[in-house]
1. Does any residue in the range 165-176 that is open to solvent by 40 Å² or more (accessible area, probe 1.4 Å) come within less than 6 Å, Cβ to Cβ, of a residue that is modelled with pLDDT under 90 six or more places away or on a different chain, and which pairs are these?
2. Please determine whether any residue of the range 41-51 is outside any helix (DSSP H, G or I), open to solvent by 20 Å² or more (accessible area, probe 1.4 Å) and on the phi > 0 side of the Ramachandran plot.
3. Of everything in the range 158-185, what is among the aliphatic types (A, V, I, L, M) and either in contact with an Asp or Glu (Cβ under 7 Å, 6 or more places away or on another chain) or more than 23 Å from I125 (Cβ to Cβ) (or both)? Give them in sequence order.
4. Of all residues being under 30 Å from L102 (Cα atoms) and among the hydrophobic types (A, V, I, L, M, F, W, C) in the range 136-157, which is surrounded by the fewest Cβ atoms within 10 Å (Cβ to Cβ)? Just the residue, please.
5. Would you please list the contacts, defined by Cβ atoms under 7 Å and residues six or more apart or on different chains, that run from a residue in the range 101-124 that is on the phi > 0 side of the Ramachandran plot to a residue that is in a helix (DSSP H, G or I) and open to solvent by 50 Å² or more (accessible area, probe 1.4 Å)?
6. Kindly state which helices (runs of 4 or more DSSP H) lie completely within the range 58-135 and contain at least 1 residues that are crowded, with 19+ Cβ neighbours inside 10 Å.
Amino acid sequence: MTFRKGLILAVVLLFAAAGIWVSQSVEPVNNEQDDTDLASLSFRQQILHASDLMAGVKVAIKQQDEQALQAWQQKAVDVAKAAELSEQDIEFIASNEGLEYLQFHANRALFNDELLQRYHSLSGIDDLKAQYPQAQDLFAKADNMIAQRDAIINEIAIELGGVNPPEKVALEEARRLWQQRFTSN
């Protein structure tokens, strides 16, 4: 082996060893702090979206009861403390932003609840959209759902009456059948 070949071999081995050393010394992307932060956020979300909490906040919003809203917020804080969430999470839940968060999501849930009632009762939703602007991103899907409902009722009326467009009597019967379907369940 010549000196030149030996030097090239040594340099290659040196680069290989350096590459192995560097690849082993790099910390993994997910460290324990990231996992802890994700777990904390997950627990905070579970508390803020708990069904009993949301139900209580929805009732307080409907009754426009500010004291009840604050009482429900305090219950969420108590649960966060009992769950030993971070001080930062507890402070968020106890803050004005935490209360606004609860109200925002409760209003969206109220929109969905009332949307389903109106879907079954054959009512429109324009005033509902004005009442719950927090659900604005749901409006297009809600409008589509109402349009599909109305198209199904129209198809039922065509089947009942045998003519297209359906007559008023066939439409009324189709609406009655639609509502009967949901009241019998």
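1. E167/G161; E173/L160
2. For the range 41-51, residues outside any helix (DSSP H, G or I), open to solvent by 20 Å² or more (accessible area, probe 1.4 Å) and on the phi > 0 side of the Ramachandran plot: absent.
3. I158, L160, V163, V169, A170
4. Top of the filtered list is A140.
5. Note: pairs meeting the criteria are L122/R175; L122/Q179.
6. 66-82, 87-94, 96-121
The values are calculated or read from the model by the stated rules, or taken from the named source; none is laboratory data. Please read these numbers as outputs of a predicted model, since none were measured by experiment. Glycine gets a Cβ as well: all are built from the backbone with ideal geometry, and neighbour counts include every protein chain shown. Side chains included, ligands, DNA and RNA excluded: accessible areas come from the protein's heavy atoms. Shrake-Rupley method; radii C 1.70, N 1.55, O 1.52, S 1.80 Å.
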